[in-house]
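One structure is given here, and the rest of the page talks about it.
The values are calculated or read from the model by the stated rules, or taken from the named source; none is laboratory data. Model, not experiment: these values are computed from the prediction. Virtual Cβ from ideal backbone geometry, glycine too; neighbours counted across all protein chains shown. Keep in mind that these areas ignore ligands, DNA and RNA; they rest on the heavy atoms of the full protein, side chains included. Shrake-Rupley method; radii C 1.70, N 1.55, O 1.52, S 1.80 Å.
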Amino acid sequence: MDLTAVAKPCSFGDKGTSDVVLRLRNCEGRPEWFYSHSSVLVSKSGFFADRLSNPGSGSCTEIHCSDSTYDHHVNLLRLLYLPTDSLLDSLDSVQSALGVLPLAIAFRCEDVTNCCIQYLEAVPWEDKEEEQIVKEVSELGPVAMPILARIQPVDLSATKNVFISAVRFATSIGGSCPPFGDELKTSAQEQVEFMLGGDEDTPLVTADDEVKSVVKSGLSQVCSLFGNELSSFLLVPDITAETAETRILQCLSDVEWMCNILPKMDLMKDFVCSWGEMSRKILEIVEDKKLDNAMWVLKVKLIEVTGKVLEAVGYGNVILPAPCRVQLLKTWLPYIRKIKPLLDAKADEGTDFPYKMDEDLCQSIEGAIVSLVLALPSNDQADILSDWMKTEQLKYPDLSEAFEVWCYRTKSAKRRLMEGLDRVGNTTISL
């Protein structure tokens, strides 16, 4: 076969000008003949250049393929006949390019390979296609790696910058962006949570001083916005107005979001301190007579956030001095004791009242309070338990366990004291 002959214009399947016949045979033995041209095959494929240069190759070359790749083999042969600048336009789907690419690499068709890589690197992928691309391209070696550029890990600096920008947006640092500010802020919050989801780079990002500084600024921002909205709420002529209530609940939702993400960054202590500083002001407003029969959803949400604070402190995840722990309890315990029966009574009225403390919330708060009380100095325990026994609401939170432990510790402490005094006395007499 003369491979040095000047190439003449020809088309795929043109029997009249063909000097090579390719026979595709699949695993089931189904053959099909394709009339081809050595000038095209040799110039476009390293595989065919080697095969057809063999004097014993003859005019018929057989190619084995499977059922699943049969159509892709045919498509590859058609692509070999196209001008290089027309290849990209000839690809019409991710599946076709993904099917041809491994064959183009195997047959050493450089132009087709580059075209498939360029196409797959640029077009959008569906979720299922992305999984397939990652799996199949990873097996093709370095030549196909540019396709995966969009899903390659970024360097730590880029990750940090994206995280900081998302936090700023999520906490409205710099102001909101109407008219889609709330929707975009919610999306940013979701992405921050996702980025904190256990990636190996997460500890490196969250430990960065600049990141922590921005997050702390975000905490200050959302707490300030919530405090301002709450303070102005009592000045609203109609406290049942949906707009005013929606703004407050959105601000509280942002505060709760911060409460959820800060433990993942070892910054829960900052939230606990901020919540402690604003608690007294919050309760002054929420317990105003104007709100006696309004804003039940706000009252329940406040209990939920406070429950997380009590858990963090009560179980030792956040370490605070004893006076701060006492203040936290004395601020919120009376309110929790007051609001629980009110919510239960509203629910018992049978008016489809949806706002109540569910059993899990009640148990978690009660357990945290008991743990918190038992870790206080004895005299502070006595003060809190004394107040508890004076109130009419003994059932919730139930501090009987803490009382029993306090009684046992008090007797044990007194016994140890007397035993110590006896030892000192006996030592004195013996002298």
With a 1.4 angstrom probe the carbon and sulfur portion of accessible area for the chain, in percent, totals 53 percent
Positive minus negative residues near Ala368 (Lys, Arg vs Asp, Glu; Cβ under 12 Å) = 0
Angle between the Cα long axis of helix 209-233 and the longest principal axis of the chain, 0 to 90 degrees, nearest 10?
-> 60 degrees
Crossing angle, helix 127-137 versus the chain [Cα axis fit, 0-90 degrees, rounded to tens] | 60 degrees
Accessible solvent surface per residue of the chain, calculated while the other protein chains remain in place, 1.4 angstrom probe, Å² = 55 Å²
Most mobile listed residue (Cys116, Cys362, Cys65) in the chain, GNM with C-alpha springs under 10 Å | Cys65
Percent relative contact order for the chain, counting Cα pairs under 8 Å at least six residues apart, stands at 8 percent
Residue separation between Glu392 and Cys273 times 0.36 nm, minus their alpha-carbon distance, gives in nm 39.8 nm
At 222 nm, what helix-only mean residue ellipticity would the chain give, in deg cm²/dmol to the nearest 500, using -39500 (n - 2.57) for each DSSP H run of four or more?
-> -21000 deg cm²/dmol
Crossing angle, helix 359-374 versus the chain [Cα axis fit, 0-90 degrees, rounded to tens] | 60 degrees
Expected vector for region 308-320, Karplus 3J(HN,Hα) from phi with 6.51, -1.76, 1.60 and θ = phi - 60°, integer Hz, x for Gly and Pro, equals 5, 5, 4, 5, 4, 7, x, 9, x, 6, 10, 9, 10
With the 8 Å Cα cutoff and a minimum separation of six or more residues, region 20-149 has a relative contact order in percent of 22 percent
Give me the number: length gained by fully extending Ser165 to Gln118, i.e. 0.36 nm times residue separation minus the C-alpha to C-alpha distance, one decimal in nm.
-> 13.8 nm
For region 20-149, what proportion of DSSP beta bridges, expressed in % and rounded to the nearest 5, is antiparallel?
-> 55 percent
Give the shape of region 20-149 as rounded, prolate or oblate, defined through the alpha-carbon gyration tensor: a ≥ b ≥ c are the square roots of its eigenvalues, a/c under 1.5 means rounded, and otherwise the shape is prolate if a/b is larger than b/c and oblate if not.
-> prolate
Which of (1) 34, 28, 23; (2) 44, 27, 19; (3) 75, 28, 20 is the computed semi-axes √(5λ) of the Cα gyration tensor in Å? It is (3)
